[in-house]
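First the structure, in the form of structure tokens, and then the observations on it.
The values are calculated or read from the model by the stated rules, or taken from the named source; none is laboratory data. Predicted, not measured: the structure shown is a model, and the values here were computed from it. Cβ sites come from the backbone with ideal geometry, for glycine too, and all protein chains shown count toward neighbours. Note: areas computed on protein heavy atoms with side chains; ligands, DNA, RNA excluded. Shrake-Rupley method; radii C 1.70, N 1.55, O 1.52, S 1.80 Å.
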Amino acid sequence: MADAAGAQQAGLVERNDGADKAEAHHHLLLGIITCGIPQPMAERFMDEQGIASARELSMLSDEEVESAVKMHNHSIKMGRVRELKLGIGHVKKIKALKYHAAVLRMQGREFMSDNWTRETVASTMAIMAAEVDQADTKGFNAGPIKDGTDWPQWESDYFVELCGVKGTFTKAVGLALFARDDSRKDDPDLTKIEREVFSIRPEGPEYDRGNPIFFRHFQNKVKRTSHEVVIAPFVATQDGRNAFLAVRAHQNGVDQVQKRIAAAKRVIDPVNGIQYNREYEMPSFDEYCTTLSKNFRILEVNKEGMSVQSRCDRLYSRTPVGNNEQMKFALFTARERFREDWAKAVVYLSDAVADAYPRKNAYNQRKRPQDGPNSHRKVSKAISLLVC
């Protein structure tokens, strides 16, 4: 009796498994048809390539999808090429389907063809295209973590950097999963890609494969710094996530916070701190303002911020203008008009500097060693800091 019951239960499990596979195959077929591919073509592609479900499709790389399409096209007899050949538009849509299915898989959900509409196809392709653009325009490098690094800003920059990196799971998710700050998951200012990163569960085979890859990426950020000691316990296991959390805990510790505060105060000290030198030597006026903004922000984040008026006074007090009458007038005007508006003060004086030192300013723009093909990103970041 027991054997019969066991056999019956095994048969039931086998039938349920078969039904699940058939359902998954059906959903993938409908998903490919929604991509604008006729049913005979979709069925032939799935059968020839042995892709039975959206989950299996999601495991492929973009290159493997392209290779599968080429193999499919080469296998078509001459008389049926027009009927069955997949074009570049089809390839992009299949990649979008793969991308969508991969995200669902990492969220612990199954692909359902009912939720894969033409609108979803279009929006997914738009997200993928936006990623490429963002990787080009905002893919700035957070740089190594040094002693005195503004950790909150660095961590934010690093997360953005990773969101623009072509990763191991999908282009969007990449390695950013391992550097996310879970306290920000409900932040209304997150981008679509960042929200996607926060929706991924930190578990499963993809997570296990990505963790050591992230470790090597993050290890380069702490190479030849005191933080190598912090991640040392995780070298053997290549545990990237916990290595990152250990550095975060170290950076948020009392000692490191106090070091950042002390360093920021040294920079903005009204007597011995940074000073603008009329474009004749470093720093330039833009660099002077950016440095002040960065250090004002460090104090603000650590609850030792200065009032806007104090910031403006600090800006004016270390901006000597010598005998330049034009700059004397500009500085006087700024003091009168922008006592409590840091952003407008900086913009006004930046324009005044450009007018007062046109040739020298142009020379600095050409010769400044840190300028390069990515310098516009530094300018954008500087502007974003002005309102702090």
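Using r as the Cβ-Cβ distance of LYS265 and SER123, and R0 as 45 Å, what FRET efficiency do you calculate, to the nearest 0.05?
Details: r = 48 Å, r/R0 = 1.07.
The calculated FRET efficiency here is 0.40.
Could you give each residue of the range 319-335 its phi-based ³J(HN,Hα) in whole Hz, using Karplus coefficients 6.51, -1.76, 1.60 with θ = phi - 60°, and x for Gly or Pro?
10, x, 10, x, 9, 6, 4, 5, 6, 4, 5, 4, 5, 4, 4, 4, 4
Got the relative contact order for the range 20-66 handy, in percent, Cα pairs under 8 Å and 6 or more residues apart? List each step's numbers first, then the result.
On the way: 22 pairs, mean separation 20.6, N = 47.
Here the relative contact order equals 44 percent.
Bin width 10 Å, origin at 0, all Cα-Cα pairs of the range 190-248: what percent of pairs per bin?
Binned Cα distances yield the sequence 22, 46, 27, 5.
Which whole-Hz ³J(HN,Hα) couplings does the range 202-218 yield from phi under the Karplus relation 6.51 cos²θ - 1.76 cosθ + 1.60, θ = phi - 60°, glycine and proline marked x?
x, 6, x, x, 5, 4, 5, 6, x, 4, x, 5, 4, 4, 5, 5, 5
Would you tell me the accessible area of ARG201, worked out with a 1.4 angstrom probe on the heavy atoms of the protein chains, in Å² to the nearest 10?
Probe radius 1.4 Å; accessible area of ARG201 about 110 Å².
Taking the mean number of other Cβ atoms within 10 Å as a proxy for protection, how do you rank 53-59, 20-26 from highest to lowest? List each step's numbers first, then the result.
Numbers: 53-59: 20.7, 20-26: 13.6.
The densest-packed peptide leads the list: 53-59, 20-26.
Taking 7 Å along the Cα-to-C-beta vector as the label spot, tell me the MET282-GLN39 distance in nanometres, rounded to one decimal.
Placing both labels 7 Å beyond Cα along the Cβ direction yields 6.9 nm.
Give me the net charge of ILE274's neighbourhood, meaning all other residues with Cβ under 11 Å from the Cβ of ILE274; Lys, Arg count +1, Asp, Glu -1.
Details: positive: ARG266, LYS294, ARG314, ARG318; negative: ASP269, GLU287.
Net charge in that neighbourhood comes out at +2.
Across the range 215-318, how large is the tail of the calculated P(r) beyond 18 Å, expressed as a percent of all Cα pairs? Show your work: numbers first, answer last.
Numbers: 3149 of 5356 pairs.
For the range 215-318, the fraction of Cα-Cα distances above 18 Å is 59 percent.
Determine ³J(HN,Hα), in whole Hz, for all residues of the range 176-187 in sequence, where each value follows from phi through the Karplus function 6.51 cos²θ - 1.76 cosθ + 1.60 and θ = phi - 60°; x replaces Gly and Pro.
Using θ = phi - 60°, the values come out as 4, 3, 7, 10, 7, 9, 4, 5, 9, 4, 9, 5 Hz.
Can you compute the FRET efficiency between VAL254 and LYS146 using 1/(1 + (r/R0)^6), with r the Cβ-Cβ distance and R0 = 25 Å? Round to the nearest 0.05.
On the way: r = 19 Å, r/R0 = 0.76.
So the FRET efficiency works out to roughly 0.85.
Going through the cross-link list LYS192/LYS221; LYS185/LYS294; LYS265/LYS328; LYS192/LYS294; LYS146/LYS265, which pairs have a Cα-Cα distance over 20 Å in this structure? Could you put the intermediate results ahead of the total?
Values: LYS192/LYS221 26 Å; LYS185/LYS294 25 Å; LYS265/LYS328 27 Å; LYS192/LYS294 27 Å; LYS146/LYS265 18 Å.
Beyond 20 Å: LYS192/LYS221; LYS185/LYS294; LYS265/LYS328; LYS192/LYS294.
With a 10 Å radius around each residue's Cβ, average the other Cβ atoms per peptide and rank 65-75, 91-101, highest first.
Numbers: 65-75: 14.7, 91-101: 22.6.
Sorting 65-75, 91-101 by mean packing, highest first, produces 91-101, 65-75.
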